[in-house]
1. Could you list, in sequence order, the residues of the range 87-107 that are assigned to a loop (DSSP other than H, G, I, E, B) and touching a residue at least 40 places away in the same chain (Cβ under 8 Å)?
2. Among the residues of the range 73-85, is there at least one that is among the β-branched types (Val, Ile, Thr) and surrounded by fewer than 21 Cβ atoms within 10 Å (Cβ to Cβ)?
3. Going by the structure shown, is GLN46 among the polar types (S, T, N, Q) and touching a strand residue (DSSP E or B) at 6+ places or on another chain (Cβ under 8 Å)?
4. Identify, please: which residue in the range 86-121 is among the polar types (S, T, N, Q) and at pLDDT 85 or above and is, among those, nearest to the chain's Cα centre (by Cα)?
5. Would you point out which residue out of GLY16, GLY63, GLY39 is on the phi > 0 side of the Ramachandran plot and either part of a strand (DSSP E or B) or among the small types (Gly, Ala, Ser) (or both)?
6. Among ARG41, ARG65, which is the only one that is under 15 Å from the mean Cα position of the chain (by Cα), of a type in the set (Lys, Arg) and farther than 24 Å from ALA83 by Cα?
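The values are calculated or read from the model by the stated rules, or taken from the named source; none is laboratory data. The model shown is predicted, which means the values in this text are computed figures rather than measured ones. For neighbour counting, all protein chains shown are included, and Cβ atoms are generated from backbone atoms with ideal geometry for every residue, glycine included.
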Amino acid sequence: MTAEAATVIPALVLLGVALLWALMAAVAQIQCVDAARAGARAAARQEPEHAAVAAAKQAAPEGARVEVSREGDLVRVSVAAHAPGPRALTLELESQAVALAEEAVGRSWPRARGAEEERGPEE
């Protein structure tokens, strides 16, 4: 084995491990996004909070934290998890999804009515 091969092989192995770790982190981030969407849909359908959390945890990576909150007519679900891999390389992955609560669908927004009143009737 030449000296060049002795230095290149460990570098290639390290690069392969880094690419594998990055792929696993990307998959976990996509799972966080999917989990937040699933939880927001469940919360927007007026399901109990524990059902929305269960829906989010079902799609989330293992050990994820799920929070559900409501801000007026909007429901917000946050999902946070650690990227898989060695603890020294752990990233905090997070995603949020917001959905309009079903009981608010079809109501006009006050800002939209105010804007129409300022413009006057259209001809």
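1. Residues of the range 87-107 that are assigned to a loop (DSSP other than H, G, I, E, B), as a first pass: 90-91, 101, 105-107.
Within the range 87-107, LEU91, ALA101 qualify.
2. no
3. So GLN46 fails the test.
4. Step one: of the range 86-121, the residues among the polar types (S, T, N, Q) are 90, 95-96, 108.
So of that shortlist, the ones also at pLDDT 85 or above come out as 95-96.
On the way: SER95: 3, GLN96: 5 Å.
My answer is SER95.
5. Details: GLY16 fails: on the phi > 0 side of the Ramachandran plot; GLY39 fails: on the phi > 0 side of the Ramachandran plot.
Result of the check over GLY16, GLY63, GLY39: GLY63.
6. ARG41
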